[in-house]
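Enquirer: Please see the structure below; I have some questions.
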Amino acid sequence: MKNKKMVVLVGGCFDLLHFGHIEFLRQAKTLGDWLIVALESDANVRRMKGDSRPIHSQIQRKKMLEALKFVDEVITLPPMKSDEEYFGLVNQIKPQVIAVTEGDPILDKKQKQASQFGAKLAVIPKIHTPSTSQLAKLLGLE
């Protein structure tokens, strides 16, 4: 089918949007026609990153991501506690590509998701720039 879109799925916190995020999302978009960002809930960001995070609320983070011309859709995730919940989301979206950053700490889970749903896992090289956590410390926010 000629007009069927190639869907690329990425996920993350995207709290203090920085160059590494922008470059990752730009490269992810080149892998398909429609880039979907699954955006972590405030509760999950706090659980993963600590009580001082997120710096921006999920709604603010969503608006920042939607302002990027290469992001086609942002899905705000509810607080999720199990791999099954994430697998359910991937099953609903049915992406052809799941893009991750090189060194992703849950790469094995994302590989399992991709293979379970017939998607390709694309590993995008990490851009060596300060992370959100490093920037928050430099700015005295943490």
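Enquirer: Sort through Ile22, Ile55 and tell me the only one that's of a type outside the set (Gly, Ala, Ser), at pLDDT below 95 and farther than 21 Å from Lys94 by Cα.
Expert: Unique residue meeting the criteria: Ile55.
Enquirer: In the set Leu141, Leu77, which member is surrounded by fewer than 16 Cβ atoms within 10 Å (Cβ to Cβ) and of a type outside the set (Ser, Thr, Tyr)?
Expert: Within the list Leu141, Leu77, the selection yields Leu141.
Enquirer: Which residue, of Lys63, Lys29, is under 13 Å from the mean Cα position of the chain (by Cα) and over 20 Å from Ser131 (Cβ atoms)?
Expert: Just one listed residue meets the conditions, Lys29.
Enquirer: Right, something else. When you look at Ser131, is it polar (S, T, N, Q) and more than 15 Å from the chain's Cα centre (by Cα), yes or no?
Expert: No, not satisfied.
Enquirer: Would you confirm, using the coordinates I've provided, whether Ala43 is within 27 Å of Leu141 (Cα to Cα), surrounded by fewer than 18 Cβ atoms within 10 Å (Cβ to Cβ) and out of contact with any Ser or Thr (no Cβ under 7 Å at 6 or more places or on another chain)?
Expert: When the stated conditions are applied, Ala43 passes them.
Enquirer: Now for a separate question. Out of Gly20, Gly12, Gly50, Gly103, report the one residue that is closer than 24 Å to Leu139 by Cα, without any contact (Cβ under 8 Å) to a residue 60 or more places away in the chain and among the small types (Gly, Ala, Ser).
Expert: Result: Gly12 is the single residue among Gly20, Gly12, Gly50, Gly103 that is closer than 24 Å to Leu139 by Cα, without any contact (Cβ under 8 Å) to a residue 60 or more places away in the chain and among the small types (Gly, Ala, Ser).
Enquirer: Among the residues of the range 42-53, count how many are in contact with a helix residue (DSSP H, G or I) (Cβ under 6 Å, 6 or more places away or on another chain) and within 20 Å of Thr101 (Cβ to Cβ).
Expert: Going through the range 42-53 one residue at a time, the tally reaches 1.
Enquirer: Kindly provide the set of residues from the range 69-92 that are out of contact with any strand residue (DSSP E or B) (no Cβ under 6 Å at 6 or more places or on another chain) and aliphatic (A, V, I, L, M), ordered by number.
Expert: The answer is Met80, Leu89, Val90.
Enquirer: Next question. Just give me the residues in the range 95-122 being surrounded by fewer than 15 Cβ atoms within 10 Å (Cβ to Cβ), closer than 21 Å to Ile75 by Cα and in contact with a strand residue (DSSP E or B) (Cβ under 7 Å, 6 or more places away or on another chain), in sequence order.
Expert: Residue satisfying the conditions is Leu107 alone.
The values are calculated or read from the model by the stated rules, or taken from the named source; none is laboratory data. Owing to the predicted nature of the structure, the values given are computational and were not obtained by experimental measurement. In this analysis, Cβ positions are derived from the backbone assuming ideal geometry, glycine residues included, and neighbour counts consider all displayed protein chains.
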